[in-house]
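> One structure follows; several queries about it will come next.
Each reported figure results from applying straightforward, stated rules to the coordinates on display, with no laboratory input. All values derive from a computational prediction rather than experimental measurement. Cβ placement follows ideal geometry from the backbone for every residue including glycine, while neighbour counts extend to all protein chains displayed.
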Amino acid sequence: MNMPPRIVSATISPMPQEVWDPLPVITATFSDGSVKVLFSYFPDEISFLTSELIGLTEDEARDLKAKKDSVYLTGGYRPS
């Protein structure tokens, strides 16, 4: 059985300084050598550290974003 590749490093593009600036994008390098853009996000709603993505699969990283979105939308976490 093939195991899905895991994230070995990740980068987050710069945070927007103005409302028209692009959203931050997370790009991951995987254990198989592939590099993929995972997602963008609204930094006033949720936040990420690259370290929390290391070791996750692509699906697990997307699930983490969905979980953070859900917590925000239900009135939970607010980034500082």
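> Under 20 Å from a point placed 7 Å out from the Cα of residue 37 along the Cα-to-Cβ direction: which residues of the range 1-20 have their backbone N that close?
In the range 1-20, the label zone of residue 37 (backbone N under 20 Å from the point 7 Å along Cα→Cβ) covers 7-20.
> Okay, next question. Tell me what the chain gives for mean residue ellipticity at 222 nm when only DSSP H runs of n ≥ 4 count, each as -39,500 (n - 2.57), the sum divided by the residue total, rounded to 500 deg cm²/dmol.
Theoretical 222 nm ellipticity from helices: -6500 deg cm²/dmol.
> Using only the Cα atoms, what convex hull volume per residue in Å³ does the chain have?
It is 93 Å³ per residue.
> Work out the FRET efficiency for residue 54 and residue 15 from their Cβ-Cβ distance, taking R0 = 30 Å, and round it to the nearest 0.05.
So, using R0 = 30 Å, E works out to roughly 0.90.
> When the dipole is taken about the Cα centre of the range 27-80, and only Lys, Arg (+1) and Asp, Glu (-1) are charged at their Cβ, what size is it in debye, to the nearest 20?
With only Lys, Arg, Asp and Glu charged at Cβ, the dipole is about 140 debye.
> Moving to a separate point now. By the scheme Lys and Arg +1, Asp and Glu -1, what is the net charge of all other residues having a beta-carbon under 13 Å from that of residue 27?
Value of the local net charge: 0.
> Counting Lys +1, Arg +1, Asp -1, Glu -1, what net charge surrounds residue 3 among other residues with beta carbon under 15 Å of its beta carbon?
Net charge around residue 3: -3.
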